[in-house]
Structures are given as C-alpha cells and as structure tokens.
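Only one structure is covered here, and it is reproduced in the block below.
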Amino acid sequence: MNQLAEILTLVTLSSSAFAQPVFTGSDADMRVVADLRDSHRQIMHSTITLRDVDSGELALWYPLFIPGNHAPSGPIQNLAELRILGAGDEVIAWERDATEPARILAQIPRSLAGDITVRMSYLASQPWHMSRSSDSYGFDNFGAVNWNTLLWYPEGEDLRDVTVDVEVMLPEGHTHAWALGDTAVSEVPFMELVDSPLIFGRHLNTYELPAPEEGYPPHFIHLVSAEASDAELPDWMIGPLAELTRQGRFIFGDFPRDEYHYLAMVDSSLRFGLEHGESTFISTRTDAFSGADRPDEYEGGMDHLGVIPHEYIHAWCGKLAAPEGLVRENYHDPVDSSLLWVYEGLTSYYDDVLSARSGMITPDEYRAKVLGAIERYENQPGRAWRPVLDTARDVVSVRRSSPAGNELRRGADYYGEAALFWMEADAIIRRGSNGRRSLDDFCKAFFDVRVQPVGEQTTYDRDDVVRALRRVHAGQDWDELIRVRIERPVEDLSMQYLIDLLGQERAFSDQPTELQRRSERSASGVNLRYAAGFAATADGRVTRVVEDSGASSAGLEDGDRVLAIGERIFSRSALLDAVDRTADTPGVLDLLVSRGDRVLRIEVPCDGSRRFVRLAPEEGEPDLVRAIGERRER
C-alpha cells in the first residue's frame, strides 16, 4: 500500500464509518475514499475532499447524465447522511437547488475557505430502471461500485481537467477487480474514474483470455458471485470468448486500449450491461457459467451471454467514438441522444454477428435471430406513428416497458429496429459490390480515429455517418434511406424487402426443426402468432396480440392474464394441448382472462397449425445471412 493509503484514518459520524482523507504529496484536485465495509447492509460511505475552495457560494452537482445511459439517470434518491464540512469538521449548511435536485448550494465562510469535505452514505442495491447498469450494489459477500453514485463535483469545472486521488476500503476477506488496478490510485482523471466500475467479493475469479497474437492488449474476464461455483468459467467457453476478440479486430480495427476487463456480477436478481473505456460492467443469471451446457451441432451454448459481445463492441462504438450530442464536459448538461440509432443500433447489429462469428451461437441460431427480429418489428403497430429517432429522444420513457400496449407505444427500438437498418445497409453494400465489400469496411474506416483518454471520445454527427457510408458504397442514397428507415414513421409494417435483400424466404412447416424443438423445451412463455395471433408469458400474461389476427378480433388485449383454458388452469402445456386439439378441425381457444378487476371469457379462433417458420436461402439468390455470420480469417 502506498503512503497515500497508509495515512488514512477512520472517524465515526452519525453511527456510520467514514474515512478521513488527508492530502499529502499529491497535486490531485480531489480526494475520494469509498468505504465499502457496510456493503453487506446495502450501505456504502463516501468521503470527498475538494482542494482550495474559495469563500462564497459553492455549487455542487451529483452526476446526472451517466455515460451509456443516454439520459438523466443519476440515482440521487439513494443518498443519505449528506454533510459538508470545513476545517476541524465544522459543519457548513447547504440547501438543495429549488428546481434541480441534483444540485446543492453551500455558503463557505472566509474562515473555512480551503479544503472542503463532503461526506455521504449511499443506499445500494435499490436501482431504478434508468440506473441499473450505473448503480452500486452490496450483498452479503459481494458487490460493485459505480463511482457516479459516490461523487459530487463543483459546478463550473471542465471535468476533463480534474484529477482525483482514490482509496477503496473493502470488506474483510474480499478481493476486487477494476481497470485501475490497486485499491489506492493517485491523480486519476475524474472522467476516467467515473468510467471505471469496480467489483468485489469473497468469490471473485479472474481469467486472462488467449490473445489473437503476441503483444495484443490483454483481455480479462472477472466473475464474482454469492457462491464460489458460480464464479468459475468453464474451459469450453474460453475459446469462443477469445475468438470474440479476434473477430472484433477484423471488423473494427486494433483494440484501442492497453487492456480490457469484463466485470461480471453473476446473480439472477440483476439485469444490466454498461460499456466503459477499458472495461464493461455486466450481470448474468446465477447459472450462466456453472449451469451452461457444452455446445453441440445445434446450439453454441452461449446465446444467453449476448451482453458480452454487445458491451465489447462499445469499446469502439461508443467509448472510442460517439455522437457529439452525447459528449459533455460534465455530467449535468443535457445530452442530445438523436444518434443512438448509430451508437446502440450498430452495436446491436454486430452483437449477434460477433456471437455467430466467434462460435457463441451456431449459424442456425443466428438465422433464427434474424427472422425473430424481423417478425418482431413486422408486428409492432407503433412503428406507424413513431419513428426510431423519436424513441432515441425519449430514452427515459421507452426503457421502461409498459404492461399493456407496449407494441403500440414502442420501446427502446433505437437498439433493435436500428439494428435492422444496419443489416439492410450491410446487405446493400454486399450486393452492390458483388460481395467484395461489406459493412465491416465501413466500421474499419469509421472507427479509425484518434484514441482519446479513457472517459473521453472522438465525436461524429449525422453527416459524418452519411459520408462514411458513401465512401464504402456510392450507389445508395444513404441520406434518404436514413430518413425513411430511422426518421419517419413507416407506411407498411412488412419487412419483406429485407428478407428479399438478404436472399431469403420464409419456409413453413407443421414440425419444428431440432433447434426449434430445443428452444420450445427451454422456453418459459408461448408464441402462438401463427396459430391464434398472440404470445404469453409463463404465468399467462399476454405480451403481444397480432393486429388483424384471430386474437385481436376476439378482443384479447396486451396485458390480459389468461387464468384458464376451458376447464384447465392456465399453464404452457395446457395452452399448447388446446392448440393441438384444433389441428385437424379448426376451432377456438376458450380462454378465461382477467383484465383489471374483471374476469372475461374470450373465444380465440385457432386453426391448430402452429406453423413453425424459419428463414431459408432463396434459390438463385446470394445467401447473405450465411455470409454475414461466417467467421472471418483476415
């Protein structure tokens, strides 16, 4: 431990333990001590010391616009025990801004000018839907820190120029992992600190992945969980994860940082992923590694880990280069999220592509994903009034699912539907160049930019995107295609144009493929789109009613809960049995459903033909789905 850490002492304030920072031999503008020893009680403590503060009004901001969340998401509701202190721990009064809860004001007396200390506690493990990936977590024997939850910063500062001394105090018996190395670090740029989450726990394992070549920036995966067995990486997963690194390089160019860390919390109660400059902070279900099956000819065995390629791609698309509207010198000025269809959409397109090319999923699984995405948006009526661009400008609203009518209202479709735009762009480039070029060439050139310090990005705007696409393929009016696919509501929900462009056709059968059979066995819900026109969860909640289907004409609605089918209590098997009984003679599904405080009987027409559908190459056309998902060797 360095001299900076050795001189730290503990004091008690309001029955909570805080570390008392003392500056010595450092030119840092701030000192932050994070005391995580109460994290098992879901409480963390932070002591922030600001150097050389003048007398007069001091305005402090709690980080509000957290990078990667694209909207105001700082979880200020979880703060407690906030105090501002001067020399000798003399209390300085503060009050909250009347119109901005993330801003506080204090009057610093002339006698207390100098080093000012801010002490606070943070109530961990209670995120809201906008802060899940940028929140802090504390459990009995593991946890994580996102630094935006433990920091305040002075107004008027360009945070790119602010440096911080950092000390982390871990619970006894815990180890940690983060991109900055030790638990005591001097003169870290403020924005790099915010961009460097930390995980800790009693059961934390670190694995270095094989590099594509000698000297390539090392990549590590760190797993932490409540039980030791759940934090072990199976040997068979190492190959695909290493291949992910190699395939990413072929698309985006050499890795832009000196090293990279996957920081994974393995716990089914968590669901998030957030990109960072030299790391990514993700969660997986508890059995994501310990319960994963070895791959076979039908399944790659890692489809449930799609968050890994998604956040890895962000090392280029988001953390190396980002829309200029998302880049600010602080965390309280509003951002312009209009270009999330690039930031998140391009990333979402390539996360499945990289999964396929690395072997995390099989070619058949990739093909099924393509069809699933297309059919999802073909059955989303909200596209007729609300363009993708509008979902990007309303992030807070669309990231929370609506219990009813979500397909009409729309969700965060700057991910999924924007990904289909990029698939279309890839197919256009491949066809227009007779297979000599692809969207990979666009990415290789577009992300060939100057590497900025961690926490900062090279920026681009819409015109830059259009110009870069033209340089790869001049035979397409990219400006107009973006307007039609991204910036305007659609006139026709059908995406047959994309299926045709990919050289595919829909193939129907009354029998599932082996992959579909396996998916059926593991599915929790049921999709009766072709048989009856609706889908439901494992507990019977209707999640989608297809427009102009038997279900919609019968009056079934999103959000209804199926209680019974005929005389049988609802279960997935009971519903499928009822469907099967109409296979030879079309009939109805006699559904008892609850809606609000009412119980209704609804008879949904059903032809019994579950009509399993898959994408198949169209004779005489290039199979671009196969070409896109193929592993590259250079």
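We did not get these values from a lab; they are worked out from the coordinates using the rules stated. In this text, all values refer to a predicted model and were calculated from it rather than measured experimentally. Counting neighbours? That spans all protein chains shown, and the Cβs are built from the backbone with ideal geometry, glycine included.
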FRET efficiency (R634, S397; Cβ distance; R0 45 Å; to 0.05) is 0.55
Quote the relative contact order of segment 514-610 in percent (integer), defining contacts as alpha-carbon pairs under 8 Å separated by 6+ residues.
25 percent
In what order do I313, I429, I108 fall by count of nearby beta-carbon atoms within 10 Å, going from fewest to most?
I108, I429, I313
Could you check the spin-label model distance between A627 and E157? Points 7 Å from the Cα along Cα→Cβ, value in nm.
5.3 nm
So if the hydrodynamic radius of the chain is defined as the Kirkwood radius over C-alpha pairs, what does Stokes-Einstein give as its diffusion coefficient at 20 °C and 1.002 mPa s, in µm² per second?
81 µm²/s
Per 0.36 nm of contour for each residue apart, how much would the distance between N527 and E259 grow if the chain were fully extended, relative to their Cα-Cα spacing?
92.2 nm
Semi-axes of the equivalent ellipsoid for segment 50-147, please: Cα gyration tensor eigenvalues, times 5, square-rooted, ordered largest first, whole Å.
28, 16, 11
Note: D463 to L481 extended length (0.36 nm per residue) minus current alpha-carbon separation gives 5.2 nm
Taking alpha-carbon centroids only, segment 339-365 lies from segment 520-578 a number of Å equal to 30 Å
Helical mean residue ellipticity (222 nm; -39500 (n - 2.57) per DSSP H run of 4+; nearest 500) of the chain:
-7000 deg cm²/dmol
Spin-label proximity, R294 to segment 502-522 - amide N less than 19 Å from point 7 Å beyond Cα toward beta carbon
none
In whole angstrom, how long is each semi-axis of the equivalent ellipsoid of segment 272-408, when you take the square root of 5 times every eigenvalue of its Cα gyration tensor and sort them from largest down?
28, 21, 14
Order of F612, F508 - criterion: other Cβ atoms within 10 Å of each residue's Cβ, fewest first
F508, F612
Just the Cα atoms of segment 204-504, one point each, no solvent: what log10 I(q)/I(0) does Debye give at q = 0.08, 0.13, 0.14, 0.15 Å⁻¹?
-0.35, -0.99, -1.15, -1.33
How big is the Kirkwood radius of segment 3-200, worked out from every pair of different alpha carbons and given in Å to one decimal?
16.9 Å
If amide H atoms are built 1.01 Å from N in the plane of the peptide, which residues on other chains or at least 5 residues away come under 5 Å of the amide H of I92?
I84, L85, G86
In nm, to one decimal, how far is the modelled label at R601 from the one at N434, with both set 7 Å along Cα→Cβ?
6.7 nm
State the dimensionless ratio Rg/Rh of segment 409-467 (Rg: radius of gyration of Cα atoms; Rh: Kirkwood radius).
1.06
Evaluate E = 1/(1 + (r/R0)^6) for L408 and R471, where r is the Cβ-Cβ distance and R0 equals 35 Å; express this FRET efficiency to the nearest 0.05.
0.35
Please arrange Y350, Y298 by counting, for each residue, the other beta carbons lying within 10 Å of its beta carbon, fewest first.
Y298, Y350
Contour minus Cα-Cα distance for E329 and D182 (0.36 nm per residue):
50.2 nm
Taking the convex hull of Cα positions in segment 475-632, its mean projected area over all directions (nm²):
13.1 nm²
